[in-house]
Amino acid sequence: MKALTMLSDTPPHFASKLPVGQLYFPKWDRYETAMRGIFERQYYNNNGPLHQELEMRLREFFGVQHVICTGNATFGLMMVAEALGLTGRVLMPSFTFIASAQSLSWCGLIPVFCDIDPQTHQLDPEKVAELLAREKDISAIMAVNLWGGACDMTALEQIAERHNIPVYFDSSHAFGCSVNKRPVGSFGVAEVFSFHATKVFSAAEGGCVTTNDDALAARIRGIRPSYGSEQSAEAYRVLNARMSEAQAAIGLMSLEDYPDIQKRNKSIFDVYMSELSKLGGIRLMLPSNVTASNHQYAVCEVDADIFGLSRDDLISVLQAENVLARRYFYPATHRSAGFDENAEKVAASLPVTEAVCGKCLQLPLGAKTAKEDAHAICEIIAQAQSAAPEIRQNLHGRA
Ligand SMILES: *Cc1c(COP(=O)(O)O)cnc(C)c1O
């Protein structure tokens, strides 16, 4: 193994930059055939044949009554909030991608942040129950399923029912996951998935809402809308959040490839799991509460005291080797622009979120990462640990 780039004048281990999330692309000939079909039909948008087929296949995949495809997950979350007629404040975790909270702002709603479980990083049902007992004007729970795992969705459903409010899930990380063999996608009043390029299932851009509620589905179709599609209810505010035929075509290919993609992701994840478990102070987040995972992301916690380097120092070492590891999620939503009013006071009620934001890092996993790459990344991390004092000296001028 060569010396670390940060501590020597050797070139980076990876000749080109290795991003954290990488889209699996369909083979060119399949893509070309699909695009030719669209061109020949001259049917580009608005509930076209590929769009209908994708919604139908996804209904089977998720085992759910309704799938409403849309331009991205943020639109999906906005449409759910609007279709539920939510008002005022919505409980959600701060430890999520900023779009979760922004979907509320677009609907004039205010997030109330709840803390997470330190073991799983998922929204903690006990803390949700406590917060709801204290705050009386919360109109819904938006939970987020993280890291190819899930929250305790049944516990959250029960709490929501006791308080007579809906719970819905941002399941952007949970495509293809199952809880007790039941696919994620039919929990709560609705779930929302992202088909963005960094997610395991891709339509280049895109997303969908899943629900078993006929009336809610009709309202969402009305908001999206798709002229001529069935069971659509009139909406006051329309979003024009349709998915195009070209996106649906890529989605259909992604769905066909999903079993292979999942296997490949898992084989890389397994390398991280076995190699990182040999090192002290770094913990790979395993998919929680699920019987099947997409292994979409490799996220770990770095405990600086035990590992010997802070998360940020380790990222500097990795980036010098062209591994674009990144802090994730960072900053937490309650410290992000637009949501950071009273940040310090809110932070005091979110001790786990605060701690986790200081130690989480995401490693590459996806189409451009081979198993050997994952081995090499783990080797770099091991070397960094051995050379921790020199690295601290190099970065901070003190060991
Ligand atoms: C990616 C992501 C989103 C947003 O998805 P888009 O399809 O880009 O709108 C929302 N929430 C979480 C947790 C995500 O990871």
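What follows is calculated from the coordinates using simple rules that are stated; it is not laboratory data. Since the structure is predicted, the reported quantities are computational estimates derived from the model, not experimental observations. Neighbour counts run over all protein chains shown; Cβ positions are idealised from the backbone, glycine included.
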Unsatisfied cross-links (Cα-Cα over 22 Å) in the set Lys199/Lys266; Lys266/Lys371; Lys2/Lys266; Lys127/Lys181
Lys2/Lys266; Lys127/Lys181
In the chain, what % of DSSP beta bridges are antiparallel (nearest 5)?
55 percent
Ascending count of other beta-carbon atoms within 10 Å, so fewest first, for Met153, Met79, Met6
Met6, Met153, Met79
In degrees rounded to 10, the 0-90 angle between helix 28-41 Cα long axis and the longest Cα principal axis of the chain is 20 degrees
Here, GluC sites (Glu not before Pro) of the stretch 311-352 satisfying both criteria (DSSP loop; at most 15 other Cβ within 10 Å) are Glu341
Burial ordering of Val238, Val271, fewest other beta-carbon atoms within 10 Å first
Val238, Val271
At 222 nm, what helix-only mean residue ellipticity would the chain give, in deg cm²/dmol to the nearest 500, using -39500 (n - 2.57) for each DSSP H run of four or more?
-12500 deg cm²/dmol
To test your reading of the geometry: what angle, between 0 and 90 degrees and rounded to tens, separates the Cα axis of helix 125-134 from the longest principal axis of the chain?
60 degrees
Which listed residue (Pro364, Asn394, Ile381) has the Cα farthest towards the positive end of the charge dipole for the stretch 348-398, taking +1 on Lys and Arg C-beta and -1 on Asp and Glu C-beta about the Cα centre?
Asn394
Within the stretch 155-249, which GluC sites (Glu not before Pro) sit in a loop by DSSP and count at most 13 neighbouring Cβ atoms inside 10 Å?
Glu230, Glu234
Give the residue from Leu131, Cys208, Ser244 lying farthest towards the positive end of the charge dipole for the chain; charges sit on Cβ (+1 for Lys and Arg, -1 for Asp and Glu) and the dipole is referred to the Cα centre.
Ser244
Once you've got the GNM for the chain with C-alpha springs shorter than 10 Å, pick whichever of Lys199, Lys181, Lys263 has the biggest mean-square fluctuation.
Lys181
Burial ordering of Tyr24, Tyr227, Tyr297, fewest other beta-carbon atoms within 10 Å first
Tyr227, Tyr24, Tyr297
The extension gain from Arg89 to Met273, computed as 0.36 nm times the residue separation minus the Cα-Cα distance, is 62.3 nm
